[in-house]
1. Say the cut-off is 18 Å between C-alpha atoms; which of LYS170/LYS243; LYS23/LYS135; LYS63/LYS100 go over it?
2. Which order do ASP68, ASP29, ASP113 fall in if you start with the one that has the fewest other Cβ atoms within 10 Å?
3. Counting only residues 5 or more places away or on other chains, whose amide H sits under 5 Å from the amide H of GLU66 once H atoms are built in the peptide plane?
4. So, in nm, how far is label GLU186 from label ALA83 when the simple model puts each one 7 Å beyond its Cα toward the Cβ?
5. Mind giving me the FRET efficiency for GLN59 and LYS135? R0 is 22 Å, r the Cβ-Cβ distance, nearest 0.05 is fine.
Amino acid sequence: MGESRPPVGVGYKGEGRERVSRKVLLADDEPAVLGVTAKMLRLMGYEVVQVTSARGLLQALGKEGEYDLIIADNTMPVEGKPAMSGTEALREIRKNPRYKRHKYTPALIYSGDLADTGIKETVESEELGGIYLAKPFERPVFEMIVRGAIMDREGNMIEPVPERNPEDIKREAKESLVTLVALVRERGLIISEQDQSTIRSYIHKKIQTDKERIQAEQAVDHVVKLINDTGVISLRELLPLIKSIRAAL
């Protein structure tokens, strides 16, 4: 059997490893973009290490230290000449044993180059398991994707969460799912019955298996992607619902 992979947007730490501090490795060849993006991440509470090329990104990963998220521009020429892209660097991270510590670290690749056709499909393929974001992007969208990508082994956001009654969490999650489906249908979109059933079943039964958990997380990711791609529901409406559903997963 082949090696199982985390779903898109979900990063797993290696067996026996402790959860590390929230640290982001950021690569962009444009100083202005690098600085602004790093500032956004620091305001979100993350430690940021900055590099200016895909090679620099790989060099940073080859050293001691661990990262919770890798973010890279796709197109990073060196002195005006084509160089290793963010996608090529991600492929190297997934395949080269030298970077095995970060084989499943969540990775976000962004691009504003119209020539990057097919890049989204490549980045989010099963082989690379990354997240693609087109530039220019709105800050709330970037923040939502970053927070959703930084997950621990159990698939929960690495955020301090106060103790709560599990039954209250499940109840709120079920209510949020109903609200989300109603909002989507009201705006002419469709969440597949299979996705609805998978999420609802998991929230109700709270089955503690990796297969069930991954299926539910993938279903949530499909819903988030549908809404992000169409933009028919505001982030203000979406975020509380998704957070509530994820809390029960």
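No value in this document is a laboratory result; all are computed from the given coordinates. This is a predicted model, so every value here is computed, not measured. Cβ sites come from the backbone with ideal geometry, for glycine too, and all protein chains shown count toward neighbours.
1. Working: LYS170/LYS243 12 Å; LYS23/LYS135 23 Å; LYS63/LYS100 12 Å.
Beyond 18 Å between Cα atoms: LYS23/LYS135.
2. By the 10 Å Cβ count, ascending: ASP113, ASP29, ASP68.
3. Under 5 Å from the amide H of GLU66 lies no amide H from a residue far enough along the sequence or on another chain.
4. 4.9
5. Approximately 0.35, to the nearest 0.05.
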